[in-house]
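Working notes, structure below.
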Amino acid sequence: MRTLVVLPTYNEAENISTVLRRLRPAVPAADVLIIDDSSPDGTADLAKAVGDELGGIDVLVRPVKEGLGSAYRAGFTEGMARGYEVLVEMDSDLSHDPAALPSLLAAVDEGADLVVGSRYIPGGSIPNWPWHRRSLSRNGNRYAALMLRLDVADSTSGFRAYRSTMMARIDLTGVRANGYGFQIEMAYRVARLGGRIVECPIEFVDRQLGVSKMSMRVVVEALGLVTWWGVRDRVVRRPVTDSA
Ligand SMILES: Nc1nc2c(ncn2[C@@H]2O[C@H](COP(=O)(O)OP(=O)(O)O)[C@@H](O)[C@H]2O)c(=O)[nH]1
Ligand SMILES: [Mg+2]
């Protein structure tokens, strides 16, 4: 299946070259689209240079930093316009190991509409997270699953593969969340559309270089949206369409 790996970057100059060099042998047939929000550290130029060397790598530069969800929406829209059958998302900081991609893609091949690389199923792990970080993520995921009646152990994971025909049924312009909530919202929308969601165990390695762009604000955004959707689904009982 024709596959596009979408990589969002903001100040990942220390990581992007290694990510691309590990991605290429892991999935030789896949193309790559980097969505860079004019990183001041020159990530885009570096990515272009490595892309020219390795081939099959495009860089889309956006003028201002607009957030992770917005970067993915732009990448997925472009990927669908170009006719890819599978759209992959992963972080560009080496937290997600490109070597895990073939197992995610195999699950799409076997019929999944969305494959989530999961830290919270047997075989999944986060070797170096302190207990408070683990607990926030684990409990946030439990809360989302309960509120949204979502049978996904790790709906905040950003390591995924989508079948394009499913992505095409999602109204991306209506997707509201931008941080961790973006991942939850996308899984929620796929589930509401009756899509088949499969989880595949991954090891999530904390970034070694550069800094995280996520903040408490994106956690609050996710909690607020999940609570609103959960309450709305119980009180209003709207018919299943793709709107959230
Ligand atoms: N294009 C773009 N990429 C972003 C933005 N915010 C984060 N990213 C990228 O999204 C990925 C995940 O972000 P990161 O800061 O590592 O989040 P964390 O792993 O949850 O701490 C990384 O590849 C970032 O470079 C943004 O506003 N625009
Ligand atoms: Mg990260």
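The values are calculated or read from the model by the stated rules, or taken from the named source; none is laboratory data. Nothing here was measured: the structure is a model prediction, and the numbers come from that model. Here Cβ is always computed from backbone atoms with ideal geometry, including for glycine, and neighbour counts include all displayed protein chains. For accessibility, only protein heavy atoms count, side chains too; no ligands or nucleic acids. Shrake-Rupley method; radii C 1.70, N 1.55, O 1.52, S 1.80 Å.
Numbers below:
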item	result
Scope the stretch 198-232; condition open to solvent by 30 Å² or more (accessible area, probe 1.4 Å), assigned to a helix (DSSP H, G or I) and not aromatic (F, W, Y); matching residues	M216, R217, V220, E221, L223, G224, T227, V231
Any hit, the stretch 95-111, residues being under 21 Å from V220 (Cβ atoms) and at pLDDT 95 or above	no
Flag if S164 is polar (S, T, N, Q), away from ligand 1 (no atom under 16 Å from the Cβ) and either at pLDDT below 95 or farther than 21 Å from V235 by Cα (or both)	yes
Failed item, numbered, when V240 is tested on (1) in contact with a helix residue (DSSP H, G or I) (Cβ under 6 Å, 6 or more places away or on another chain); (2) at pLDDT 95 or above; (3) open to solvent by 50 Å² or more (accessible area, probe 1.4 Å)	(2)
Matching entry among D113, D91 (being open to solvent by 20 Å² or more (accessible area, probe 1.4 Å), closer than 14 Å to E203 by Cα and either within 16 Å of ligand 2 (Cβ to nearest atom) or in contact (Cβ under 8 Å) with a residue 40 or more places away in the chain (or both))	D91
Residues of the stretch 116-145 that turn out to be aliphatic (A, V, I, L, M), outside any loop (DSSP other than H, G, I, E, B) and either in contact with a Ser or Thr (Cβ under 6 Å, 6 or more places away or on another chain) or touching a residue at least 40 places away in the same chain (Cβ under 8 Å) (or both), as a count	3
Residue selected from the stretch 94-110 under the condition in a helix (DSSP H, G or I) and touching a helix residue (DSSP H, G or I) at 6+ places or on another chain (Cβ under 9 Å), by the criterion farthest from ligand 2 (Cβ to nearest atom)	P102
Of all residues in the stretch 177-197 being touching a strand residue (DSSP E or B) at 6+ places or on another chain (Cβ under 8 Å) and either part of a helix (DSSP H, G or I) or open to solvent by 40 Å² or more (accessible area, probe 1.4 Å) (or both), the one that is nearest to ligand 1 (Cβ to nearest atom)	Q183
Residues that are β-branched (V, I, T) and touching a Phe, Trp or Tyr at 6+ places or on another chain (Cβ under 8 Å), drawn from the stretch 132-167	T156
